[in-house]
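Step one of this worksheet: look at the structure below.
The values are calculated or read from the model by the stated rules, or taken from the named source; none is laboratory data. Just so we're clear, the structure is a prediction, and the values are computed from it rather than from any experiment. Because the Cβ atoms are built from the backbone with ideal geometry, glycine has one as well, and the counts that use them run over all protein chains shown.
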Amino acid sequence: MSWTDEEVVPRVRSVAVTNDARPTSPVGIFWRSTIGKKAVMAVTGGVMLLYLLVHMLGNLKIFYGRESFDEYAHWLRTIGVPALHGAWFLWIMRALLLVAIVLHATTAYQLSRRDLKARPQKYAHRQRLEASYAVNTMRYGGIIIALFVIYHLLDFTTLTVNRHGVEGAAYDNIVSSFSVWWVTLFYIIAMLALGLHIHHGFWSAARTLGVHSAAREKNLKIAATVLAVLISAGFVTVPIAVLAGLVD
Amino acid sequence: MNLTLRIWRQRGPEDRGAMVTYELADVSPDMSFLEMLDVLNERLILEGEDPVAFDHDCREGICGMCGVVINGQAHGPRDRTTTCQLHMREFTDGETIDIEPWRAAAFPVVRDLVVDRSGFDRIIGSGGYISVVTGSAPEAHATPVPKDIADAAFDNATCIGCGACVAACPNGSAMLFTSAKVTHLNLLPQGAPERETRVRDMVATMDDEGFGGCTNTGECTVACPKGIPLTSIGNLNREYLRSLTRR
């Protein structure tokens, strides 16, 4: 192998700082930067995590029986009455969650695109030393969770694909869905993906928001594992109970 | 030692490039990795071929000029060691060693194993300094710095800007490099007057240069020959978010 004179002479770009076309308002700077977008991801992830924790605990009410669970499901639609009218609380929460999901997904998409573009060529000899399984499945896991949420809403909120599909009969709707093996399987896979997502996402979000002490990070990692196991296991107990005949 | 080397050869920025295999005999285990490449290059020159281009300068592990990806690891298998300080005793006789340049969109290959790291210079140029009137050095004791702050600033100041963090990061992110510089200067009283503009401008330049974002994989800190900790990235995030709430 040898070089010829016709080869392009490598040029090192001049060392100069370009400031053109940069936003000047704090919000503009924040939204355009990778750190700002990650902060949005972190906060919206936290909102959804909080919601999931409450959702999971609520689901466990199914073990108190049909009547108790259906009553709880009905109560969810009347929170805040009479200060709030009808299902207002529910709709406010749905709007909040929708904003969180849209922002989380938008920033995830924009950052992922950027990240993939920043490393266009792979190594012939690839070695990952540090990244865990949870880290490497954040993107695919997120997509699985998003697809699951769509199915989940069609199943239990709009009742479009629910086999029982009677409004107000939350208990029977759940039992009918989890009596189908592939619905249960999809549910369990999605919950495992969710667990992995939280396992990396929780402390990662904390660092994005500025945690920078090694001791605090260690505690946050433990908290992330506890939260991930608790939420995944909590959600999965319901379909398992239906399968085992404990709930029918 | 007899070695099989698979080295990335690329004539210039526009060339596609490919891994080329070379057999190298009688390598001394006491040679440094770069000396081993020197031996190969001497042979290539005698055979009328072009030598393998690679960056190097001090060969003492302090200048940050050298650096290649060896068997998928930036700076090779030894912890906290630059390529020049890596010795062939780390490898075994008969081994096949893959040698590749840093891979990142922001670090385009110039030739073979040489990449253009001037993106780092532009990040430094946008805030990695303190503005002082030059002249005689001020009395050191005039500005007291607590020991723990001085130590933390020094730990971050040890960054040599080699780019191993970017090479190891699956996103080609320069967060560890930028965080080391920002943490170093923002911790010290001398860096305080430009604390907000520094982090804002350096992050903006970092993003403009086409480096990826941080996904907290932790690959960078493992590759770093100076052991810059991941907590510096947390501190960069904190400094950045703080700077946006102030003028």
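Here are the numbers for the structure shown:
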| quantity | calculated |
| --- | --- |
| Count - residues of the stretch B:209-231 that are within 7 Å of chain A (Cβ to nearest Cβ) and in a helix (DSSP H, G or I) | 3 |
| Pairs with Cβ under 8 Å, 6+ apart, first in the stretch B:43-66 and surrounded by 18 or more Cβ atoms within 10 Å (Cβ to Cβ), second of a type in the set (F, W, Y) | B:C66/B:F54 |
| Selection from the stretch B:74-89 of residues that are farther than 20 Å from B:D155 by Cα, within 14 Å of chain A (Cβ to nearest Cβ) and buried (at least 22 other Cβ atoms within 10 Å of the Cβ) | B:A74, B:G76 |
| Residue match in the stretch A:143-161 (condition: closer than 16 Å to A:V242 by Cβ and touching a Pro at 6+ places or on another chain (Cβ under 9 Å)) | no |
| Top-ranked residue of the stretch B:22-41 - restricted to ones that are acidic (D, E) and surrounded by 11 or more Cβ atoms within 10 Å (Cβ to Cβ), ranked as nearest to B:T82 (Cα to Cα) | B:E35 |
| The one condition in (1) within 15 Å of B:C165 (Cβ to Cβ); (2) surrounded by fewer than 24 Cβ atoms within 10 Å (Cβ to Cβ); (3) facing chain A (nearest Cβ under 8 Å) that B:L244 fails to fulfil | (1) |
| Test result for B:E194, acidic (D, E), more than 8 Å from every other protein chain (Cβ to nearest Cβ) and under 28 Å from A:N136 (Cβ atoms) | no |
| Boolean, A:W181 is surrounded by 22 or more Cβ atoms within 10 Å (Cβ to Cβ), of a type in the set (F, W, Y) and either at pLDDT below 95 or under 17 Å from A:L50 (Cα atoms) (or both) | no |
| Residue satisfying condition, being assigned to a helix (DSSP H, G or I), of a type outside the set (D, E) and at pLDDT below 95, within set A:L230, A:L220, A:L243 | A:L243 |
| Leading residue by the ranking (farthest from A:F69 (Cα to Cα)) among those in the stretch A:149-161 that are β-branched (V, I, T) and assigned to a helix (DSSP H, G or I) | A:I150 |
| Top-ranked residue of the stretch B:55-73 - restricted to ones that are of a type in the set (A, V, I, L, M, F, W, C) and within 14 Å of chain A (Cβ to nearest Cβ), ranked as nearest to the chain's Cα centre (by Cα) | B:M65 |
| Subset tally (residues that are among the charged types (D, E, K, R) and under 30 Å from B:N156 (Cβ atoms)) for the stretch B:5-64 | 4 |
| Verdict on A:A146 being modelled with pLDDT under 95, among the aliphatic types (A, V, I, L, M) and assigned to a helix (DSSP H, G or I) | no |
| Flag for A:R128 being modelled with pLDDT under 95 and either within 14 Å of chain B (Cβ to nearest Cβ) or in contact with a Pro (Cβ under 7 Å, 6 or more places away or on another chain) (or both) | yes |
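Residues checked against (1) at pLDDT 95 or above; (2) assigned to a helix (DSSP H, G or I); (3) surrounded by 24 or more Cβ atoms within 10 Å (Cβ to Cβ); (4) among the polar types (S, T, N, Q):
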| residue | (1), (2), (3), (4) |
| --- | --- |
| B:V110 | yes, no, no, no |
| B:I124 | yes, yes, no, no |
| B:G135 | no, no, no, no |
| B:A152 | yes, yes, no, no |
| B:G161 | yes, no, no, no |
| B:F177 | yes, yes, yes, no |
| B:A180 | yes, yes, yes, no |
| B:E194 | yes, yes, no, no |
| B:M202 | yes, yes, yes, no |
